[in-house]
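Okay, structure first, notes after.
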Amino acid sequence: MSEILEEVKRKLVFPIDFPSQQRTERVQNIVLATGSVLSCLVGFYMQSLTHLMVIYGLAVVLALIAVLPAYPSYTSRKLEWAKSSIVA
């Protein structure tokens, strides 16, 4: 069982660089904020909680599609680690 969980964990790691992390966080916040405002407006206008939840759910799915996969543009800048000055 542990081997299966380790394999799943290894496949779910999406390494992206630091500037892309900031960009994806900004995109996520914009999509979710826009989706929540739009869903509230439509839900209020239509007087339907169902419409509100469906539109917000679509915004969440759109945000997941936009930021979750490690697209090549998210991994283009490789992190340069500092060289160790300690000699053992």
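Laboratory data are not the source of any read-out in this text; all were calculated from the coordinates shown. Keep in mind that this is a model prediction, so the values were computed, not measured. Every residue, glycine among them, receives a Cβ derived from its backbone with ideal geometry; neighbour counts consider all protein chains shown.
What about G35, is it without any contact (Cβ under 8 Å) to a residue 40 or more places away in the chain and touching a Leu at 6+ places or on another chain (Cβ under 8 Å)?
Spelling it out, G35 is indeed without any contact (Cβ under 8 Å) to a residue 40 or more places away in the chain and touching a Leu at 6+ places or on another chain (Cβ under 8 Å).
Determine whether Y45 is in contact (Cβ under 8 Å) with a residue 40 or more places away in the chain and not hydrophobic (A, V, I, L, M, F, W, C).
It is false that Y45 is in contact (Cβ under 8 Å) with a residue 40 or more places away in the chain and not hydrophobic (A, V, I, L, M, F, W, C).
Of all residues in the range 5-20, which are assigned to a helix (DSSP H, G or I), touching a residue at least 40 places away in the same chain (Cβ under 8 Å) and not small (G, A, S)? Before you say what the answer is, go through the steps one by one.
Residues of the range 5-20 assigned to a helix (DSSP H, G or I): 5-11, 18-20.
Of the ones still in play, those that are also touching a residue at least 40 places away in the same chain (Cβ under 8 Å) are 18-20.
Passing the criteria: F18, P19.
Could you figure out which of (1) in contact with a helix residue (DSSP H, G or I) (Cβ under 7 Å, 6 or more places away or on another chain); (2) loosely packed, with under 11 Cβ neighbours inside 10 Å; (3) not charged (D, E, K, R) isn't true of L32?
Looking at each condition in turn, L32 falls short on (2).
Restricting to the range 51-75, and then to whatever is touching a helix residue (DSSP H, G or I) at 6+ places or on another chain (Cβ under 8 Å) and not hydrophobic (A, V, I, L, M, F, W, C), can you tell me which residue is surrounded by the fewest Cβ atoms within 10 Å (Cβ to Cβ)?
Among residues in the range 51-75 that are touching a helix residue (DSSP H, G or I) at 6+ places or on another chain (Cβ under 8 Å) and not hydrophobic (A, V, I, L, M, F, W, C), the one surrounded by the fewest Cβ atoms within 10 Å (Cβ to Cβ) is S73.
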